[in-house]
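Scroll down for the structure; my scribbles are underneath it.
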Amino acid sequence: MLPGYTEDLAQSSTAVDEPTRETATTEPLTERAVRAQVASVARAARAQSGNGGVLQVVHGAKRVGWAAYELQRNASQLVQGVAKPPYVTTGPLDSLESRKLAEGVQYQVLYDRSALALPPQLDITTKLVAQGEQARVIHVAPTKLIMVDNEIALMPLTVSENTVESAVVVRSSAMLAALGRIFEDMWRFAAPFTAAHDLSGQDMQPTEEERWILSLLASGATDDTIGRLMGFSARTAHRRVRELIARLGVETRFQAGMQAVKLGWL
């Protein structure tokens, strides 16, 4: 994913795809074709590695998918991602993640709640978490994102209802550093992934009393203060707060307040 690779892809794709252009529109991509395209990305990256560019635009859903694959294939330490619809056709990305996790690469993935509302994705995420993925859930993610080893990122530029039409590769720069800080902020405020959660939040609406407790939590009130204002003992207030934190699937009082806001409880 280095400078100039989109232009090289545009050129090399002619050589790779021209003999099969007629059948490409009617037949699914074969594994051989995918490998050829991924290899063309790698060749272009190596050829352009000395140009020192920062931004590179990738056009077309297939090329965006290949870029996402190649970025993760080359990861050596850390992959950070934001997952939300629409999804590009990327090939066996889940199998690739499983292999990279086995190699010791860390994955931190933020899931938009709408992404996990689809049963297949929920099952896949549950499996990947069991293999070592660190996953958290955010109510509404601002964009999709893949960032690798704090050195390079891929994010959408234009999307349609069902696909990512173009994306931008961002290399080491102030922009990449800003993306890293944005990801860290979202990660800090997101709720840990729990497969048992009802991600729609419709069957666990709080009572009016619980809304009052949550609003006091969000304002920074201590358990003693909550108990005094609600007419509880300090021990009862502490227990109720712990129950609400567990119910929301978070770890801290602050996260509980944030998650309640995200769910529309406050």
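The values are calculated or read from the model by the stated rules, or taken from the named source; none is laboratory data. All figures in this text were calculated on a predicted structure; none of them were measured in a lab. Here the Cβ positions follow ideal geometry from the backbone for every residue, glycine too, while neighbour counts run over all protein chains shown. Surface areas here come from the heavy atoms of the whole protein model, side chains and all, with no ligands, DNA or RNA. Shrake-Rupley method; radii C 1.70, N 1.55, O 1.52, S 1.80 Å.
In this structure, LEU248 does not satisfy being open to solvent by less than 30 Å² (accessible area, probe 1.4 Å) and at pLDDT 80 or above. Only a single item in (1) under 30 Å from GLY60 (Cα atoms); (2) open to solvent by less than 70 Å² (accessible area, probe 1.4 Å) is not met by LEU157, and it is number (2).
Yes/no per residue for (1) under 16 Å from the mean Cα position of the chain (by Cα); (2) modelled with pLDDT under 90:
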position: ALA135; (1), (2): yes, no
position: ASN150; (1), (2): yes, no
position: LEU154; (1), (2): yes, no
position: THR158; (1), (2): no, no
position: GLU161; (1), (2): no, yes
position: MET175; (1), (2): no, no
position: GLY180; (1), (2): yes, no
position: PRO192; (1), (2): yes, yes
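Just for the stretch 166-181: of the residues that are surrounded by 16 or more Cβ atoms within 10 Å (Cβ to Cβ) and either in contact with an Asp or Glu (Cβ under 9 Å, 6 or more places away or on another chain) or among the charged types (D, E, K, R) (or both), which one is farthest from LEU55 (Cα to Cα)? The extreme case among them is LEU176.
Only one of the numbered conditions (1) surrounded by fewer than 14 Cβ atoms within 10 Å (Cβ to Cβ); (2) among the basic types (Lys, Arg); (3) outside the structural domain of SER114 (by the TED database) is not met by ARG188, and that is (3).
Cβ-Cβ distances below 8 Å connect the following pairs, each with a first residue in the stretch 154-178 that is under 19 Å from ASN74 (Cα atoms) and in the same structural domain as ALA115 (by the TED database), a second residue that is surrounded by fewer than 17 Cβ atoms within 10 Å (Cβ to Cβ) and among the polar types (S, T, N, Q), and a separation of six or more residues or different chains: MET155/THR143; LEU176/ASN150.
Evaluation of ALA196 against the conditions (1) modelled with pLDDT of 75 or more; (2) of a type outside the set (Val, Ile, Thr); (3) open to solvent by 50 Å² or more (accessible area, probe 1.4 Å) shows that the sole unmet condition is (1).
Being out of contact with any Cys (no Cβ under 9 Å at 6 or more places or on another chain), part of a loop (DSSP other than H, G, I, E, B) and open to solvent by less than 20 Å² (accessible area, probe 1.4 Å) is not true of ALA67.
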